[in-house]
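Visitor: One structure follows; several queries about it will come next.
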Amino acid sequence: MSRKEAAKVVGVSPRTILRAIQARQLDAEKIGEGKTCSYMISRSAVAEYIHKRGRK
């Protein structure tokens, strides 16, 4: 799924999803280079991220 879709599932902004990817808290596959790159995020990675966030 895209950052926007993942953000909707988690209940956060797409920017928060980007920060989680950059902090390696959320696994994602980068597609493209530079400012025009996008990320593909698996449903299992999103579920794991939600689980990790719930522990705090």
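Visitor: Would you mind computing the Rg to Rh ratio of the chain from its alpha-carbon coordinates, Kirkwood style for Rh? Show your work: numbers first, answer last.
Guide: On the way: Rg = 10.6 Å, Rh = 11.2 Å.
In the chain, Rg relative to Rh is 0.95.
Visitor: Can you return the lysines within cross-link range of Lys52? Criterion is Cα-Cα under 27 Å, with same-chain partners fewer than 8 residues away left out.
Guide: Candidates past the 8-residue exclusion: Lys4, Lys8, Lys30.
Visitor: Same structure again: Using alpha-carbon pairs under 8 Å, 6+ residues apart, how would you state the relative contact order of the chain in percent?
Guide: Numbers: 55 pairs, mean separation 19.1, N = 56.
Once normalised by length, the contact order is 34 percent.
Visitor: Ignoring ligands, DNA and RNA, what percent of the accessible area of the chain is carbon or sulfur (1.4 Å)? Display every interim value, and only then the final one.
Guide: Numbers: 2100 of 4280 Å².
The value for the chain is 49 percent carbon and sulfur by accessible area.
The values are calculated or read from the model by the stated rules, or taken from the named source; none is laboratory data. Since we're looking at a predicted model, the values are computed, not measured. To get the accessible areas, we keep the full protein, side chains included, count just its heavy atoms, and leave off ligands, DNA and RNA. Shrake-Rupley method; radii C 1.70, N 1.55, O 1.52, S 1.80 Å.
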